[in-house]
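The values are calculated or read from the model by the stated rules, or taken from the named source; none is laboratory data. The shown structure was predicted, so the numbers you read here are calculated from the model rather than taken from an experiment. Every residue, glycine as well, gets a Cβ built from its backbone with ideal geometry; the counts of neighbours run over all protein chains shown.
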Amino acid sequence: MKPFEYIVEVHGPAVFRYLTGRVGPDRAEDCFQETMLAALKGYDEVREPKAVRSWLFTIATRKSIDVYRRAGRQPVPDGTIEETSDRPGSARPGDGDIWSVVGQLPEKQALAIELRYRAELSHREVGQVMEISESAARRNVFEGLKRLRDGAGSWT
Amino acid sequence: MSKNGTKELEAELKAGGGTVPDDWNRIRGDFTERAAKKGLVDVAYEIHETPYGPLVVAATRAGLVRVALSVENEDLVLEGLAQRISGRILKSDRPQITKARTQLDQYFDGKRKKFRLKIDWQLTNGFRREVLAATSAIPYGETSSYTEVAVEAGSPKAVRAAGSALATNPLPIVVPCHRVLKSDGQVGSYLGGSSMKRELLEMERARVSA
């Protein structure tokens, strides 16, 4: 097992980038601190060194959802196709970049794309965080990309 | 209406990857501070510069647990601590570490003859622990032999085991294994190299006779 200092060094910046996308820059830092403290607290229970990264992003994902719960907003239940920005995700009005369009994807696809490209996880790890199979993770990323490519939203 | 190919799309999504937040050092520092305040750090360590290169100085809540000379690979030292004590290791300060660093500086300046530190002995036990205790009793500026240390530790015949206990001393300098020589008076081996051992002994002798 690596010392936790190494986990912070190697994975910390990616967790921070991922959370900035999930909860926005204003709330990213608190959410990051909560994520890392929770991870440190539970670190000695991690048995499989190879699973550390997906475990860490599972905590980050949970904490990002908590941020929205606390704000009195319910995240969209899994699987519903609802276009809303009142949920953890990349929808930030006025962003103008592709991530604001990602935020308009069905939540599972948006999450899969965030985990794949912002957190830079493998499909296998995306599946572990989302508690779905690797092939289901692959499908969500693919479907999301397809929608983006076919012009979901208004970016050009 | 396809405006972007998948490749371009992926490139756009990947942009900004690998970047580190502008104020990352502050964010990281805040985390370490909070973790320490919450009592979540099982092993704290700092890297301490000395005339013999950087040392790893690590402490648990119980006390100083490990000093590693610069020849030991820092990553391996820390992984060893993660394996044997706990993975909850952060580079952070702790009173025992500050104290140890001050005393190490004084020692290398020739201004300290005895370390007064709380020690966590958990990385050693049994006969090895006895050997280190016997070694700790060798006064500044003096030397002993592997045989004598084995006798002091209660097993006159275990000279080789005494040698191996000293070779794996988790607290070099603080537990002065450099004061143990071969029975024929030759300086013998030292993890930090024989020349470091010789220099430390010369410094100590010079201070004692001064």
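Restricting attention to segment A:113-127, the residues that are touching a helix residue (DSSP H, G or I) at 6+ places or on another chain (Cβ under 7 Å) and either within 12 Å of A:Asn140 (Cβ to Cβ) or surrounded by fewer than 22 Cβ atoms within 10 Å (Cβ to Cβ) (or both) total 9. A search for C-beta distances below 7 Å between a residue of segment A:110-132 that is modelled with pLDDT of 95 or more and any residue that is of a type in the set (Asp, Glu), counting only pairs 6+ apart in sequence or on different chains, returns A:His123/A:Glu134; A:Arg124/A:Glu134; A:Gly127/A:Glu134. Selection of first residues in segment B:19-39 that are over 18 Å from A:Pro25 (Cβ atoms) and of second residues that are part of a loop (DSSP other than H, G, I, E, B), restricted to Cβ pairs under 6 Å at least 6 apart or on distinct chains, gives the following pairs, ordered by first then second residue: B:Thr32/B:Ser92; B:Ala35/B:Val41; B:Ala36/B:Ser92. The residue of segment B:38-73 that is farthest from B:Leu90 (Cα to Cα), among those that are of a type in the set (D, E, K, R) and at pLDDT 95 or above, is B:Glu49.
Free of Cβ contacts under 8 Å to residues at least 40 places away in the same chain, of a type in the set (S, T, N, Q) and not in a loop (DSSP other than H, G, I, E, B): is that true of B:Ser195 in this structure? It is true that B:Ser195 is free of Cβ contacts under 8 Å to residues at least 40 places away in the same chain, of a type in the set (S, T, N, Q) and not in a loop (DSSP other than H, G, I, E, B). Checking the stated criteria, B:Leu13 turns out not to satisfy the condition of being in a helix (DSSP H, G or I), within 8 Å of chain A (Cβ to nearest Cβ), in contact with a Lys or Arg (Cβ under 7 Å, 6 or more places away or on another chain) and not charged (D, E, K, R). Counting the residues of segment B:198-210 that are in contact (Cβ under 8 Å) with a residue 40 or more places away in the chain, surrounded by 13 or more Cβ atoms within 10 Å (Cβ to Cβ) and of a type in the set (A, V, I, L, M) gives 2. You will find that of B:Gly141, B:Gly87, the residue that is in contact with a helix residue (DSSP H, G or I) (Cβ under 6 Å, 6 or more places away or on another chain) and at positive phi is B:Gly141 and no other.
For segment A:115-137, filtered to residues that are under 17 Å from A:Ala14 (Cα atoms) and of a type in the set (Ser, Thr, Tyr), the residue that is farthest from the chain's Cα centre (by Cα) is A:Ser122. For segment B:155-167, the criterion of a residue being buried (at least 17 other Cβ atoms within 10 Å of the Cβ), touching a Lys or Arg at 6+ places or on another chain (Cβ under 8 Å) and closer than 24 Å to B:Leu78 by Cα is satisfied by at least one position.
The combined condition, being over 27 Å from A:Glu9 (Cα atoms), surrounded by 18 or more Cβ atoms within 10 Å (Cβ to Cβ) and at pLDDT 95 or above, is not fulfilled by B:Leu123. Among the residues of segment B:20-33, those identified as part of a loop (DSSP other than H, G, I, E, B) and either in contact with a helix residue (DSSP H, G or I) (Cβ under 7 Å, 6 or more places away or on another chain) or closer than 16 Å to B:Asp93 by Cβ (or both) are B:Val20, B:Pro21.
Counting only helices (runs of 4 or more DSSP H) that fall entirely inside segment A:1-75 and contain at least 1 residues that are surrounded by fewer than 14 Cβ atoms within 10 Å (Cβ to Cβ) and either facing chain B (nearest Cβ under 9 Å) or of a type in the set (Phe, Trp, Tyr) (or both), the qualifying elements are A:4-23. Considering B:Gly87, B:Gly110, the condition of being over 30 Å from B:Arg205 (Cβ atoms) and more than 13 Å from the chain's Cα centre (by Cα) is satisfied by B:Gly87 alone.
Yes/no per residue for (1) away from chain A (no Cβ under 13 Å); (2) out of contact with any Asp or Glu (no Cβ under 9 Å at 6 or more places or on another chain); (3) assigned to a loop (DSSP other than H, G, I, E, B):
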| position | (1), (2), (3) |
| --- | --- |
| B:Leu9 | no, yes, no |
| B:Gly17 | no, no, yes |
| B:Ala35 | no, yes, no |
| B:Gly39 | no, yes, yes |
| B:Glu46 | no, no, no |
| B:Thr50 | yes, no, yes |
| B:Ala62 | yes, no, yes |
| B:Glu72 | yes, yes, yes |
| B:Val77 | no, yes, no |
